[in-house]
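Enquirer: Okay, handing you the structure first.
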Amino acid sequence: MPDYRVKFATHAIGRVDIQIRSLLDKQQYADPAGVAERLGISSATWPLFGVVWPAGLILAEIMSRFPIAGKRILEVGCGIAVASIVIHQQGGDITASDIHPLAGPFLVKNIALNHFPPIKFQSGNWLTENPLLGKFDLIIGSDVLYESAHPDLLSRFIARHSSAEVEVIIVDAGRGHQSRFTREMIALGYLHSSAKPSPQETKGAYFKGRVLNYQRKLSG
């Protein structure tokens, strides 16, 4: 038995109910072999991957209506990966990625819980190269800018894995790093726009963040 507790909840995303197994709360911690610690994940940040955050549900709602046909899609810092599950349910070509050692196992269990076929998952350490990832036409993420180092690290990771023509959608929770991330993305050649999520996407709840959109098309 794991040394952490979980809970189950049903989330209505678009026209589909998604069953999600997540950590019981943000007080959970279990790293007996020190795997997370060696990856730089502290005990304080360890449980953050396993919580269903408002930004993640907004991203999933956006993806439930987004044109995904023919696109190779990557979710960065996926955590519980609700958006990836929604895209997968629609038959999209999605790869979920996260640095946390339990993100993949939690995703496997949630895919099985919803009776979906296996989903692609890769390690997403923004500090290192992962040649198994390749390039993507659409890159998505939610609440991924919560530390001061993240704007630089994430922007460069996205650039490494962007196709020649790419769209990036980040649901930012408003933790104070969005402006610097946007500056980094513009410096890497991306065009930028942003908007508040719609009431349909927030289910009418207050959300202080914004939906960030970046696009880049390389010539030649």
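The values are calculated or read from the model by the stated rules, or taken from the named source; none is laboratory data. The structure displayed is predicted, hence computed values, not measured ones. For neighbour counting, all protein chains shown are included, and Cβ atoms are generated from backbone atoms with ideal geometry for every residue, glycine included. For the accessible areas, the whole protein counts, side chains as well, though only heavy atoms, and no ligand, DNA or RNA atoms are used. Shrake-Rupley method; radii C 1.70, N 1.55, O 1.52, S 1.80 Å.
Enquirer: For the peptides 151-163, 82-94, what is the packing order when you average, over each peptide's residues, the other Cβ atoms within 10 Å and list the highest mean first?
Expert: Packing proxy ranking, top to bottom: 82-94, 151-163.
Enquirer: Another question, then. Could the peptides 110-121, 57-68 be put in order, highest first, of the mean number of other beta-carbon atoms found within 10 Å of their residues?
Expert: 57-68, 110-121
Enquirer: Further question on the same structure: Amide H to amide H, which residues 5 or more places from E75 or on other chains are under 5 Å from it, using H placed in the peptide plane?
Expert: HN-HN under 5 Å from E75: T95, A96, S97, I140.
Enquirer: What is the distance, in nm, between label points placed 7 Å from the Cα along the Cα-to-Cβ direction at K208 and at L127?
Expert: About 2.9 nm separates the two model spin labels.
Enquirer: Return the lysines within reach of K203: Cα separation strictly under 18 angstrom, same-chain partners fewer than 8 residues apart disregarded; answer none if there are no such residues.
Expert: The reachable lysines, counting only those whose Cα sits under 18 Å from K203, number zero.
Enquirer: Then there's this: From the protein chains alone at 1.4 Å, what is the descending order of accessible area for L39, L191, L107, largest first? Can you show the working numbers first?
Expert: On the way: L39 70, L191 130, L107 5 Å².
Heavy-atom accessible area, descending, gives L191, L39, L107.
Enquirer: Out of these labelled values of Rg and Dmax of the Cα atoms in Å, (1) 16.4, 54; (2) 17.6, 54; (3) 23.2, 80, which was calculated from the coordinates shown here?
Expert: (1)
Enquirer: Shifting gears a bit: Summarise the accessible area of the range 1-133 (1.4 Å probe, protein heavy atoms) by the percent that is carbon and sulfur.
Expert: Numbers: 3750 of 6510 Å².
Carbon and sulfur together cover 58 percent of it.
Enquirer: Rolling a 1.4 Å sphere over the protein heavy atoms, what is the accessible area per residue of the range 48-118, to the nearest Å²?
Expert: Numbers: 2400 Å² over 71 residues.
Ligands and nucleic acids excluded, the figure is 34 Å² per residue.
Enquirer: At R65 and D17, where each label point lies 7 Å from the Cα along Cα→Cβ, what is the point-to-point distance in nanometres?
Expert: For R65 paired with D17, the spin-label model returns 2.2 nm.
Enquirer: Can you give me the long-range amide H partners of L24? Hydrogens built in the peptide plane at 1.01 Å from N, cutoff under 5 Å, separation of 5 or more residues or another chain.
Expert: So L24 has HN proximity to R5, V6, K7.
Enquirer: Right, next: If the reach is capped at under 21 angstrom between alpha carbons, list the lysines near K120, excluding any in the same chain fewer than eight residues apart.
Expert: K71, K109, K135
Enquirer: Any idea how far the Cα center of the range 3-66 sits from the one of the range 71-124, in Å?
Expert: Here the two parts' Cα centres lie 12 Å apart.
Enquirer: A follow-up question, please. Heavy atoms of the protein only, probe of 1.4 Å, neighbouring chains included. What is the accessible area of K196 in Å², nearest 10?
Expert: Per-residue accessible area (K196): approximately 100 Å².
Enquirer: Could you pull out every one of the lysines with an alpha carbon less than 16 Å from that of K208, ignoring same-chain neighbours closer than 8 positions?
Expert: Hits, sequence-local ones excluded: K196.
Enquirer: Could you work out [θ]222 nm for the chain from helices alone, using -39500 (n - 2.57) per DSSP H run of at least four and dividing by all its residues? Round to the nearest 500 deg cm²/dmol. Walk me through the numbers on the way to the answer.
Expert: Numbers: 7 runs with 58 residues, N = 220.
So the calculated ellipticity at 222 nm is -7000 deg cm²/dmol.
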